[in-house]
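Quick notes on the structure that follows.
The values are calculated or read from the model by the stated rules, or taken from the named source; none is laboratory data. Predicted model only: the values in this text are computed from it and were never measured. Reconstructed Cβ throughout: ideal geometry from the backbone, glycine too, with neighbour counts over all protein chains shown.
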Amino acid sequence: MTPDFLTQCIFEFIGTLVLVLLGDGVVASTGLNRSKGQGGGWVVVTLAWGLAVMCGVLIAGPYSGAHLNPAVTVGMAVAGLFPWGHVTGYVVAQLLGGFCGAVLVYAFYKDHFDATDDPATKLGVFCTMPAIANPPRNLFCEFVGTFLLVFVILAIGNEANTPEIGMGSLGALPVTMLIMAIGMSLGGTTGYAINPARDLSPRLAHALLPIRGKGPSGWSYSWVPVLGPLLGALAAALLYNCVYICG
């Protein structure tokens, strides 16, 4: 039986919450002072983010399809694989899940936030900032990363790849490896947000939470990890339609 729309949104909320809890959690673990994981490095971060996505997909997949990302939802709708009437509900659920996940990370690592002096390190737990500030290039990087994410997800879900199993069951492992590959190969410039719910909502949490010694929340950059992923998803869906549907 197909779950009702409210149930689907609830699982998008839960799945995105878990994704951000574990994803932002590894950044806190490797970056904040006096954490046993401090200094774990980029490989640990990218591996954990991939596994965070896997956990979210395993939770939400059977009920909502586990988009867990407004860019994926928009891309699926543009590709004709998801009803436009459900887009707003999914996106709201994802944004709320991302916010709550970030708040839980702060509550979990509160003592370590207090022990850390560097405002940039604290902000980096919640959201992305570019290694080199160059907005057009940063936008391009987020565009390319999300284009790859959405195009490969659409390809994985194509019936030629999963004729009997389907994306909901098989999708967790390939998408996990995909997220790891994007992070390791393309994440060094912007931190590979590739998901507005993973960046915008936690950035808002950073702005609202009473974090000791925090700096600005980087709002002048915040449009890049929103617009870049949405444009990348749009381009990926259009190419998918041309190659797989019309080709």
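So here's what we get for this one:
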{"item": "Candidate set: region 68-91, residues that are touching a residue at least 40 places away in the same chain (Cβ under 8 Å) and of a type outside the set (A, V, I, L, M, F, W, C); chosen: the one farthest from Val243 (Cα to Cα)", "result": "Gly89"}
{"item": "Filter pass, Ala93 being hydrophobic (A, V, I, L, M, F, W, C), touching a Cys at 6+ places or on another chain (Cβ under 6 Å) and closer than 18 Å to Leu204 by Cβ", "result": "yes"}
{"item": "Some residue of region 218-226 being of a type in the set (Gly, Ala, Ser), modelled with pLDDT of 95 or more and crowded, with 18+ Cβ neighbours inside 10 Å", "result": "yes"}
{"item": "Near pairs, Cβ below 8 angstrom, 6+ apart or cross-chain, from region 192-218 (more than 30 Å from Thr73 (Cα to Cα)) to any residue that is aliphatic (A, V, I, L, M) and surrounded by fewer than 17 Cβ atoms within 10 Å (Cβ to Cβ)", "result": "Gly215/Ala120"}
{"item": "Any hit, region 180-194, residues being farther than 22 Å from Val43 by Cβ and crowded, with 19+ Cβ neighbours inside 10 Å", "result": "no"}
{"item": "Residue satisfying condition, being more than 20 Å from Trp223 (Cβ to Cβ), at pLDDT 95 or above and of a type in the set (S, T, N, Q), within set Thr116, Thr189, Thr162", "result": "Thr116"}
{"item": "Scope region 1-40; condition without any contact (Cβ under 8 Å) to a residue 24 or more places away in the chain and in contact with a helix residue (DSSP H, G or I) (Cβ under 7 Å, 6 or more places away or on another chain); matching residues", "result": "Thr30, Gly37, Gln38, Gly39, Gly40"}
{"item": "Top-ranked residue in region 207-241 [being outside any helix (DSSP H, G or I) and of a type in the set (Gly, Ala, Ser); ranked as farthest from Gly187 (Cα to Cα)]", "result": "Gly213"}
{"item": "Single condition Val87 does not satisfy, out of (1) hydrophobic (A, V, I, L, M, F, W, C); (2) farther than 24 Å from Met177 by Cβ; (3) more than 17 Å from the chain's Cα centre (by Cα)", "result": "(3)"}
